[in-house]
Amino acid sequence: MFDVAIIGCGVIGAATAYTLARYQLKVLVLEAENDVADGTTKANSAIIHAGYDPEPGTRMARLDVLGNRLAGEICERLDVPFERNGSLVLAFSEEEIPHLKKLYSNGVANGVPGIRLLDAAQVRELEPNLSDRVVAALYAPSAGVISPWEYALAMAQVAVRNGVRLERGSRVTAIRKLEGEGYELHTGTGDYQARRVINAAGLHSEEIHNMVAPPSFHIQPTRGQYYLLDKSEGSRVNCVIFQCPTKLGKGILVSPTVHGNLIVGPDAELVDGDDTSTTAAALEQVAELGRKSVPSVDLRASIRNFAGVRANSDRGDFVIEEAAPGFIDLAGIKSPGLSSAPAIALEAVELLKGTGLELREDPDFVDGRRRPRFKELSEAEKRALIAKDPAYGRVICRCETVTEGEILEAVRAPIPPVSVDGVKRRCSAGMGRCQGGFCGPRVLEILSRELHRDPTEILKDKAGTVILTGQTKQGGN
């Protein structure tokens, strides 16, 4: 019997596991996919929002601002790429300025630090490549860009290192209330019992909730499509550039990424399920609106298009509550969910306390994480690392200068990758201009060797995404 079972290991589940690992608890995390952070967490704008958008008094307002601060602290401890480069919300006409003032008032009420309104001249001093149509902007210096999948992965790795049990490929198909206290969770990999359950299932959180309690919220999946541009466009803007938001989201943004690229998007389209396909029509609209903010952006430098699906709910706010005895929903976590994740985890801990679960701090908890990034080292540091382990002298990914040593470090970490894209998310191999065209086969070879699996068993990403089906040529020249 586990003390707590967490359903889902996106950034919310990972942050909750990381927080609970500090206590003397037996914690289980059940993830439906074959890797952590393989849903909404890996396909979003990668922004840590400042906190001016949510209405004062909402959970989103309170948890965004707190989560923003905590994110900086966690990224420092866990060696996660994070840059606090600030954000601008643009007004293209005098009619939009009242909306900026409303966002400013929200920010002040929510406790956003350093927020201020800028006139056109001040905006162009910060961002000379913005449209001449910009008449004013809201500036929030505390906003930033992050590596979202590594953020979740790092928290999950520390949790596992401290005794949290992670079961991947374990989709919850049914939940049964036990006599007295606790629940039994049925999955494709077995049945598990836990005294308390946390529902962090993202797009599937409504389905999980309805297994134990009457319906109380509805998840409406909303797809957003993006352009990811080459690093040649990475310095086109310095800040995260927003347009005035709509009821469907924060609108089209143009932003540098923490890896040096430029991202443009997303749109907002209601879809069924987790449909992450992209369409020419939607991407053209994204391109048009992106050029509205930054006319000079070169969308011919696109190296990838992708889509993510976010879990909008009909509540209009995060759903964080005890839905049944000992069963806690962390649901409807749309934007700013990534920003709010560590604060949501603290909220979950308080709810667990309210259920009577005893929480005693674990004196043996070990925090912190470091991983080598070869291309960021000095020449002396590179030589020393290669002398210690020659695998760091073999470059596998030329675009991103990722070495075999870094891939081996990822494979031997507490949560090893099981797919080529799993390696990509951990150490950037395949994230560059050729998108794995050169390094993909070498990564597959390394995974096959290190995991002791046949090459035909190595996946591109999720279950079923096979790369090789068999040998096409036998012997000879």
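Hydrophobic, long helices, defined as DSSP H runs whose alpha-carbon span along the helix axis is 24 Å or greater and whose mean Kyte-Doolittle value is at least -1.0, occur in the chain at 59-78, 337-354.
Around the Cα centre of the stretch 79-234, unit charges on the Cβ atoms of Lys, Arg, Asp and Glu (plus for the first two, minus for the last two) sum to a dipole of about 480 debye. Mean sequence separation of contacting Cα pairs (under 8 Å, at least six apart), scaled by the length of the stretch 1-105, corresponds to a relative contact order of 19 percent.
Simple rule: put +1 on each Lys or Arg Cβ and -1 on each Asp or Glu Cβ in the chain, find the dipole, and look at Gln225, Ile175, Phe2; the Cα lying farthest toward the positive end is Gln225. Scanning the chain for cysteines with no neighbouring cysteine C-beta under 4.7 angstrom from their C-beta gives Cys9, Cys75, Cys239, Cys244, Cys399, Cys427, Cys434. Considering only Ala137, Ala154, Val123, the residue lying farthest towards the positive end of the dipole of the stretch 116-177 is Ala154, judged by Cα position with unit charges set on Cβ.
Divided by 2.2 N^0.38 Å, where N counts the residues, the Cα radius of gyration of the stretch 1-79 comes to 1.24. Summing Lys and Arg as +1 and Asp and Glu as -1 over all other residues whose Cβ lies under 10 Å from the Cβ of Leu78 gives a net charge of -1.
With a Förster radius of 45 Å applied to the beta-carbon distance between Leu126 and Gln471, the computed FRET efficiency rounds to 0.20. For the stretch 225-318, the solvent-accessible area of protein heavy atoms averages 41 Å² per residue (probe radius 1.4 Å; ligands and nucleic acids excluded). The loop-placed trypsin sites (Lys or Arg not before Pro) in the stretch 188-248, going by DSSP, that have at most 15 neighbouring Cβ atoms within 10 Å of their Cβ come out as Lys247. Recomputing mean projected area of the Cα convex hull in nm² from the coordinates shown identifies the correct label among (1) 24.8; (2) 61.0; (3) 23.5 as (1). Provide the FRET efficiency to the nearest 0.05 for the Asp364-Glu445 pair, computing r from the beta carbons and using R0 = 41 Å. For R0 = 41 Å, the calculated efficiency reads 0.60.
Inverting the pair-averaged 1/r between distinct Cα atoms of the stretch 193-342 gives 16.8 Å as its Kirkwood hydrodynamic radius.
In a simple Cβ point-charge model (Lys, Arg +1; Asp, Glu -1; nothing else charged), the stretch 159-216 has a dipole of about 260 debye relative to its Cα centre. For the stretch 98-189, trypsin sites (Lys or Arg not before Pro) are listed when DSSP marks them as loop and at most 13 other Cβ atoms sit within 10 Å of their Cβ; the list is Arg133.
Taking all protein chains together and rolling a 1.4 Å probe, Arg315 ends up with roughly 90 Å² accessible.
Within the shell of other residues whose beta carbon sits under 13 angstrom from the beta carbon of Gly354, the net charge comes to -3, with Lys and Arg scored +1 and Asp and Glu -1. On full extension, the segment bounded by Leu377 and Ala213 gains 53.8 nm, given 0.36 nm per residue less the C-alpha separation. Considering only alpha-carbon pairs that sit under 8 angstrom and 6 or more positions apart, the relative contact order computed for the chain is 19 percent. Across the cross-link table entries Lys424/Lys462; Lys26/Lys334; Lys26/Lys424, which are compared at the Cα atoms, the separations over 19 Å belong to Lys26/Lys334; Lys26/Lys424. Summing charges over neighbours of Tyr139, with a neighbour being any other residue whose Cβ is under 12 Å away from its Cβ, gives -2 when K and R count +1 and D and E count -1. Candidates Pro414, Ala268, Val164 compared by Cα position along the dipole of the chain: farthest toward the positive end lies Pro414, with charges placed on Cβ. Charged side chains reduced to their Cβ positions (Lys and Arg at +1, Asp and Glu at -1) give the chain a dipole of some 1080 debye around its Cα centre. Shape analysis of the stretch 346-429 based on the Cα gyration tensor places the equivalent ellipsoid semi-axes at 37, 16, 11 Å, largest first.
The values are calculated or read from the model by the stated rules, or taken from the named source; none is laboratory data. Note that the structure is predicted; figures quoted are calculated from it, not measured. Positions of Cβ are backbone-derived with ideal geometry, glycine not excepted, and every protein chain shown enters the neighbour counts. The area values use the complete protein model at the heavy-atom level, side chains included, leaving out ligands, DNA and RNA. Shrake-Rupley method; radii C 1.70, N 1.55, O 1.52, S 1.80 Å.
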